[in-house]
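K.L.:
Let me give you the structure first, and then I'll get to my questions.
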Amino acid sequence: MQKVKQMEGYCVKCKAKREMKDEKEVTMKNGRPATQGICTVCNTKMFKIGGSKKSK
């Protein structure tokens, strides 16, 4: 079985880099790609600017 690495982002509540769960690609108002997810530790909504690069 192969483990898929989750996307990382900065959690404002934890004040640390954390892995995201339930990631989804979104487009910001200015047209730039971003990734939105939930912190695996505190369940706060996280946001990372830039396209998602999921590992397979």
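K.L.:
Based only on other Cβ atoms within 10 Å, what is the fewest-to-most ordering of M46, M28? Walk me through the intermediate numbers first.
P.N.:
Working: M46 26, M28 10.
Fewest-to-most ranking of M46, M28: M28, M46.
K.L.:
Can I ask one more? Bin width 5 Å, origin at 0, all Cα-Cα pairs of region 8-49: what percent of pairs per bin?
P.N.:
In order of increasing distance, the bins hold 6, 29, 31, 18, 12, 4, 0 percent.
K.L.:
Could you please rank E25, E8, E19, placing first whichever residue has the fewest other Cβ atoms within 10 Å of its Cβ?
P.N.:
Working: E25 11, E8 14, E19 17.
Fewest to most other Cβ atoms nearby, the residues stand as E25, E8, E19.
K.L.:
Considering amide H positions built from the backbone, and no H for Pro or chain starts, which residues 5 or more places from M46, or on another chain, come under 5 Å of its amide H?
P.N.:
The list, which skips near neighbours in sequence, is G37, I38, C39.
Values in this text are rule-based calculations from the coordinates and carry no lab data. The structure displayed is predicted, hence computed values, not measured ones. As a convention, Cβ positions derive from the backbone with ideal geometry for all residues, glycine included, and neighbour counts pool all protein chains shown.
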